[in-house]
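Working notes for the structure below.
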Amino acid sequence: MKDYNCNIERVISLSRELMVLADEGDDARTDDSCGVLYGMVRDCAYKLRARAEEEKLKHKEKGIWESNKKSETVEIRSTERKVKL
């Protein structure tokens with residue numbers, strides 16, 4: 001896979017890690033201000049992932065995206081989310 005495509009895949013992977021971190025941080029937090037922080041992390045992760053997915057689609061449309069079965073079948077770790085009130 002070319003570096004420019006590999007970097008897009010890395011952004012997608014990092015955004016998944018940020019989402020998991022936000023969920024775990026929310027579960028472990030002890031105050032509202034931490035909740036704001038993890039909400040910001042989650043928001044950034046969704047924005048990064050959406051933009052990276054757009055770029056990936058553009059690369060596919062241009063015909064410069066090589067399919068890498070390993071990277072395209074990455075499984076997202078499922079976490080049970082507890083809501084704090």
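Read the figures in this text as sums done on the coordinates, not as results from a lab. These numbers were taken from a predicted model, which means no experiment stands behind them. Glycine also receives a Cβ, built like all others from the backbone with ideal geometry; neighbour counts cover every protein chain displayed.
Residue by residue, the range 22-29 carries 3J(HN,Hα) couplings of 4, 5, 5, x, 4, 5, 9, 5 Hz when phi is fed to the Karplus relation 6.51 cos²θ - 1.76 cosθ + 1.60 (θ = phi - 60°); x denotes Gly or Pro. Using 1/(1 + (r/R0)^6) with R0 = 25 angstrom and r between the beta carbons of Val20 and Glu66, what's the FRET efficiency to the nearest 0.05? That gives a FRET efficiency of 0.40. With the simple spin-label model, which puts each label point 7 Å out from Cα in the Cβ direction, the Asp32 to Val11 separation comes to 3.5 nm.
For the range 3-63, taking Cα atoms only, Rg and Dmax work out to 14.2, 48 Å respectively.
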